[in-house]
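Please treat every number below as a calculation from the coordinates, not as lab data. Remember, predicted model here, so these are calculated numbers, not experimental data. Neighbour counts are summed over all protein chains in view; Cβ atoms, including those assigned to glycine, are modelled from backbone coordinates with ideal geometry.
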Amino acid sequence: MKRNTPLITLLVGAVLGVVLLVATMLAAPSSAPLNYSAAAASSAAPAESATPAESAAPAESAAASSTAPAPAESSEAPAPTRTTPTRADFAGRVGGGGGSVAVSVHGDKAIAYVCNGSTVEGWMRGKVENGKLTLTGKNQAHLTASIHTGTVTGDVEAHGTDYSFSVSTVSKSSGKSSGLYQATAVVQGKTIKAGWIVLRDGTQIGSVETDETARNAVTAPKLDVATMTARIGNVVLHAVPVSGVTGSGF
């Protein structure tokens with residue numbers, strides 16, 4: 001038995017060597033993936049760290065643009081739309097039907113005429129400011145009114161008679177040629193002035209001031225709107241339209 005001891009020792013050493021060799025061969029493959037993973041992780045780290053920075057820049061830019069103040073002009077209130085007509089003609093009967101009134105507006109100027117077809121009549125002129133009309137004439141005739149969309153509403157006084165009214169737009173281009181007309185002439189050395197209001201249905205209401213003082217008035221003759229003429233005896237009156245649309249008569 002003692003003679004076999006060295007041989008056994010050699011065999012044990014050989015076995016241990018084989019075991020170590022096999023262990024080494026088995027351990028080598030498992031270490032390669034670890035090294036590869038570490039390398040991949042180290043190479044990917046810069047890319048991953050760069051990505052948040054790159055994505056943050058657009059986000060910050062978008063946030064900045066969304067919170068940036070709007071341009072100055074966008075914060076200004078839009079200019080108000082003007083609904084008051086600056087060039088228009090209005091006519092109609094006064095409250096109670098005791099006469100008629102016509103108003104012509106041309107820019108910031110206005111002309112009005114009121115009459116009952118005989119002794120009560122008056123011409124007035126004045127200004128239009130912020131949709132308000134303030135007109136005056138001879139013998140303390142006056143008119144105050146407001147312009148709304150397509151309507152003039154107010155009060156007018158002539159020869160001591162006061163009327164309220166609300167009249168709408170009319171047009172001389174219509175078949176009835178509705179609106180306001182005037183004519184002047186010299187009769188027996190006196191200047192007379194006639195006025196006619198033609199309503200939508202063709203009805204005419206007119207008066208004639210018998211002198212320049214306009215203190216007295218009589219019924220006006222019928223106006224031929226086709227020829228724009230009327231007759232008082234042998235005197236022919238040549239009428240002209242008072243139009244806020246064209247500015248005629250202003």
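Quick notes on this one:
- Nonlocal amide H pairs with ALA239, under 5 Å, H built at 1.01 Å: THR229, ALA230
- Summing charges over all other residues whose Cβ lies under 14 Å from the Cβ of GLY249, with Lys and Arg as +1 and Asp and Glu as -1, gives +4.
- In order along segment 176-189, the Karplus-derived 3J(HN,Hα) couplings, from 6.51 cos²θ - 1.76 cosθ + 1.60 at θ = phi - 60°, round to 8, 6, 6, x, 10, 9, 9, 8, 10, 7, 9, 10, 6, x Hz, and Gly and Pro are given as x.
- Distance between modelled label sites at THR213 and VAL240, nm, 7 Å Cα→Cβ extension: 2.7
- Inter-site label distance for THR119 and ARG231 at 7 Å from Cα along Cβ, in nm: 2.9
- In this structure the amide hydrogen of VAL120, modeled in the peptide plane, comes within under 5 Å of no amide hydrogen from residues 5 or more places off or on another chain.
- Positive minus negative residues near SER174 (Lys, Arg vs Asp, Glu; Cβ under 14 Å): +1
- Unsatisfied cross-links (Cα-Cα over 27 Å) in the set LYS132/LYS222; LYS127/LYS222; LYS132/LYS172; LYS132/LYS176; LYS109/LYS193: LYS132/LYS222; LYS127/LYS222; LYS132/LYS176
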